[in-house]
1. Just want to confirm a number: the relative contact order over the chain, from Cα pairs under 8 angstrom separated by 6+ residues, in percent.
2. Taking neighbour Cβ counts within 10 Å as the exposure measure, how do 291, 445 sort from fewest upward?
3. Could you work out how far apart the two model spin labels at residue 71 and residue 320 are, taking each label as a point 7 Å from the Cα in the direction of the beta carbon, and quote it in nm?
4. With a/c under 1.5 counting as rounded, go ahead and sort the stretch 198-278 into rounded, prolate or oblate using the C-alpha gyration tensor (a ≥ b ≥ c being the square roots of the eigenvalues; past the cut-off, prolate if a/b is larger than b/c, else oblate).
5. So, with +1 on the Cβ of K and R and -1 on the Cβ of D and E, and no other charges, what is the size of the charge dipole of the chain about its Cα centre, to the nearest 20 debye?
6. Distance check, please: which entries in 279/301; 129/289; 289/325; 129/187; 34/129 exceed 20 angstrom between their Cα atoms?
7. Within the stretch 78-118, whose backbone N sits under 20 Å from a point 7 Å along Cα→Cβ of residue 211?
8. If I measure Cβ to Cβ between cysteines in the chain, which ones have no partner under 4.7 Å?
Amino acid sequence: MKVNELSACLAAAQLYGDGDVEITDLQADSRRVKPGDLFICLPGHTVDGHQYVTQAAASGAVAIVCERKLETTLPQIVVDDSRFAMSVMSNAFFGSPSSKMRMIGVTGTNGKTTTTYLIEQIMQDQNIKTGLIGTIEMRYDGQNYPTSGTTPESLELQRSLHDMAAKGVQCCVMEVSSHAIQQGRVKGTDFRTAIFTNLSQDHLDYHHTMEEYRAVKGLFFSQLGNVISPWKEERKYAVLNADDEASAYFATQTAAEVITYGIDSDANVRASQISISAKGTFFHVRTFKGEADISLRMVGKFNVYNALAAITAALLEDVSLADIKTSLESVAGVSGRVESVDAGQEFAVIVDYAHTPDGLENVLRTVCEFAVGRVLTVFGCGGDRDRTKRPLMGKIAAKYSSLVFVTSDNPRTEDPLLILRDIEAGLEEDGVSHDQYELIADRREAIRKAIEMASPGDVVLIAGKGHETYQLIGGVVHDFDDRVVAKEVIRGRSY
Ligand SMILES: CC(=O)N[C@H]1[C@@H](OP(=O)(O)OP(=O)(O)OC[C@H]2O[C@@H](n3ccc(=O)[nH]c3=O)[C@H](O)[C@@H]2O)O[C@H](CO)[C@@H](O)[C@@H]1O[C@H](C)C(=O)N[C@@H](C)C(=O)N[C@H](CCC(=O)O)C(=O)O
Ligand SMILES: Nc1ncnc2c1ncn2[C@@H]1O[C@H](COP(=O)(O)OP(=O)(O)OP(=O)(O)O)[C@@H](O)[C@H]1O
Ligand SMILES: N[C@H](CCC[C@H](N)C(=O)O)C(=O)O
Ligand SMILES: [Mg+2]
């Protein structure tokens, strides 16, 4: 593709220099530039990509995209917003790959990863080649690829979708975070179905208020249907959780057909007769294509919501309810989501990824339903993230647990002890006794203490890091896996 062809995709772009130059690839990181690449300068939250033009040129960049005219001999495309320009260019450069497959996007505060895995299982069982992109990994065509966040930057997203299309992937199910929507990472991606799981407090460091957070999520639904491709039918679906009050707002934002799912409110796909045990969850579902009894091997009412979202999306892909039931019942669980750690101990140990007040409350409610003895909770809160959720999570942990071990999650650049104190402020506000909780900054030590104190019949819940196999402290990434640490501690414990 030539520089002037890319420039022509962008409204109001100014091209300076030779537009006839051929581009072999796009890059937004100077450290990845190869000869023939076009380098996109992104004004970042920590550094400004415009500073790296010389480095990019030295590595062989043949053109740049920037937000102000720069002193360089390379052809340059000057745009108002290079992050948004990157979405449009990446989509064009990779030949609108999302238009070549069924795209299902899942947004919401909690449940995105779980819902995407359920949909992937259903579609794969139909022999539909399916790709998955999300927090744990990206996988398609029998290969797994690591991801560094929940939703990739537009350039990586379009590159991956292009590769999926080339490998015959017919359907892609992906998580769409609010950061991604705000930054235009999925702009131009042709979603057929957009799913909303729920909205509760998180990321207020980034979105400032719940109204702003909701408005950003709303963009995902208002943009649905903006991309009309000649390859596909134009029908689009907004799959909304009828029990979450934000859904009414999203319904007003979208031109797509709204299909609802829920438990408490009337919905197109509705569950009833829910019963939860330590082994799984049963429910009856009534849909616009029949009724079924479903026995999930995953616990928790919240997983009924995730299953309902998956059922609705799969029905819209014309999968029969009987097949959906078979697929859902085969899923043993998702890595790090209410995952049991079993090393022969006489008490339960559960690792879960709850890292929001709502997520923690849901998992603790579920644990309390089947705990015979006490509930001992180990959790912390990530650094450089929403501080206001910390005291709330402290209160929730204490409300449902006999003992709470407040510890570090990923402190990142913050002082771990100060994060613990933010959580403790919530405990103090609720007058929680010092006998009921302990602050132990070292996560391994906190897990060890909880397991040491567990008696037969108790449940030890280790929340916040789920599938993560690392801990970020300062600028350093340490190996750390709650499941591995818990097993080591259990095996070292004398009975
Ligand atoms: C707030 C946010 O989204 N930040 C993302 C953003 O970082 P940034 O703007 O700070 O980038 P930067 O480091 O300042 O660099 C600016 C530019 O200079 C370039 N650069 C930099 C150095 C160099 O030598 N050469 C060079 O070219 C960089 O490649 C970049 O293009 O762009 C980076 C590169 O793509 C991302 O890695 C980074 O995600 C950070 C790590 C992050 O923590 N993001 C989280 C908040 C996030 O997006 N989370 C959501 C999930 C949330 C949820 O739902 O729970 C997600 O979708 O992952
Ligand atoms: N539908 C739901 N409603 C509320 N809480 C949920 C729901 N599904 C899962 N959870 C809780 O939230 C945690 C995270 O679940 P999951 O990873 O599926 O969410 P996510 O939206 O992908 O999170 P992230 O924003 O980090 O990508 C789970 O471990 C569980 O405790
Ligand atoms: N997607 C979430 C993950 C949080 C996981 C938790 N372990 C943490 O590090 O805060 C975020 O980036 O806020
Ligand atoms: Mg996720």
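1. Values: 1084 pairs, mean separation 50.1, N = 495.
Reported relative contact order: 10 percent.
2. Least crowded to most crowded, the residues run 291, 445.
3. 7.1
4. Values: a/c = 2.32, a/b = 1.16, b/c = 2.00.
Note, shape of the stretch 198-278 comes out oblate.
5. Numbers: 49 positive and 67 negative charges, 146 e Å.
The calculation lands at about 700 debye.
6. Over 20 Å Cα-Cα: 129/289; 129/187; 34/129.
7. From the stretch 78-118, the list is empty.
8. 9, 171, 172, 368, 381 - these cysteines have no disulfide-compatible partner (Cβ-Cβ under 4.7 Å) in the chain.
Throughout, read-outs are computed from the coordinates displayed, never taken from laboratory work. The model shown is predicted, which means the values in this text are computed figures rather than measured ones. Methodologically, a virtual Cβ is constructed for each residue, glycine included, from the backbone with ideal geometry; neighbour enumeration extends over all protein chains shown.
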